[in-house]
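A short worksheet on the structure shown next.
The values are calculated or read from the model by the stated rules, or taken from the named source; none is laboratory data. As the structure is a computational prediction, the values presented were derived from the model and not from experiment. Neighbour counts are summed over all protein chains in view; Cβ atoms, including those assigned to glycine, are modelled from backbone coordinates with ideal geometry. Note: accessible area is taken over every heavy atom of the protein model, side chains too, but ligands, DNA and RNA are not part of it. Shrake-Rupley method; radii C 1.70, N 1.55, O 1.52, S 1.80 Å.
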Amino acid sequence: MKKKILVTREIFPEVIERLAQHFALETNQEDRIFTQAELIAKLADKDGVFSTLSESISPAVVQACGQLKAICNMAVGYNNIDVAAATAAGIAVTNTPEVLNQTTADFGFALMMATARRVTESEQWLRAGKWDRWRYDGFMGVDVHGATLGIIGMGRIGQAIARRSMGFDMQVIYHNRSRLDPALEARANNARHVPRDELLRTADHVILVVPYSPALHHMIGAAEIALMKPSATLVNIARGGVVDDAALIAALKLGRIAGAGIDVFENEPAFNPDFLSLKNVVLTPHIASSSRNTRLAMANCAADNLIAALEGRRPPNLVNPAVLGGA
């Protein structure tokens, strides 16, 4: 008999067809968001789950679903899954790294440029029919070319953003848990490792590309924003919770920094509505990896992981190798 899996959200039909060759599927192509009780009921007889960031795989879910052997997230991040609980229950957890690096880097750079040059603010003004003359100071922004770019989180996406900065003659500084190999720094536009506070004080544009963890909750709050230049911009393509959204809103209201570009939010999609009253912020709905090619690659990567895990092989992107008794 085929093993049973749940696909928690609507995904590409071709990926559904592929999974159906291996498993007995329960799908959700109507794209409902399940409550925890519904999720537990649906996973009670399942061997695996193709999950997304929409689902919270809590200890309660893990404990209630004793047949479950694999949780395969269609995302790089997996802070929606209690990995410790899954590991204790012998459940493999996987993610989808690498396939979205370049697309996310494209978007991070685009969001920085839109923020610096006030693209969405000026478009909304134009659409409102307010453009009746040219002005010397019309929507003056801050330059990207020749500026100092500060990247917090210099993994593969951060490095890809740094490489894009070469064409804009930017200086790159970065903060990371550890310094990169000098050869990687050279490839990343001769990026220079600095303490976080120095980066915040120095950079004209700050981009956050760190994974979420409890240790990094509100890593950027009122005190950190206060270190930044009044002319600086802040872009978050990391995860909601890395930035204290309320503190950022307060700083933007006061003009403490020039602007912010935000793709991820605390409690998304129920983000803080006070963002909507601000003109100096560019808001996007968690779409940094959203090109067709990349999202399809992510879905197939999650499928690869699920197929391998339930066929008794080591999944390509295993987050918790301890579940197999190794590192």
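Some points to look at:
- For A147, distant residues with modelled amide H under 5 Å away: Q171
- Student exercise, region 98-251 dipole from Lys, Arg, Asp, Glu Cβ charges, in Debye to nearest 20: 140
- Packing, taken as the mean count of other beta carbons within 10 Å per residue, orders the peptides 312-320, 13-21, 91-99 from highest to lowest as 91-99, 312-320, 13-21.
- Cα-based shape type of the chain, given that a ≥ b ≥ c are square roots of the gyration tensor eigenvalues and the cut on a/c is 1.5: prolate
- Residue of R135, R163, R118 that the Gaussian network model of the chain assigns the largest fluctuation, springs spanning Cα pairs under 10 Å: R135
- Amide H contacts for R192 (H built 1.01 Å from N in the peptide plane; partners 5 or more residues away or on another chain; cut-off under 5 Å): V172, I173, Y174.
- Per-residue ellipticity at 222 nm, computed for the chain from helices alone with -39500 (n - 2.57) per DSSP H run of at least four residues, works out to -9500 deg cm²/dmol.
- Note on the chain: with a GNM built from Cα contacts shorter than 10 Å, the maximum mean-square fluctuation among D197, D137, D82 falls on D137.
- The lysines whose alpha-carbon is closer than 28 Å to the alpha-carbon of K279, local same-chain residues fewer than 8 away aside, are K130, K229, K253.
- Region 185-227, accessible surface, carbon-and-sulfur percent (1.4 angstrom probe): 55
- Region 78-153 versus region 258-296: alpha-carbon centroid distance in Å: 7
- Rolling a 1.4 Å probe over the protein heavy atoms of region 269-327, with every protein chain left in place, gives an accessible area that is 55 percent carbon and sulfur.
- For K42, a cut-off of 16 angstrom between C-alpha atoms picks up these lysines, skipping any fewer than 8 places away in its own chain: K3, K4, K69.
- Signed unit charges on C-beta, dipole axis of the chain, positive-most listed residue G167, T103, A246: G167
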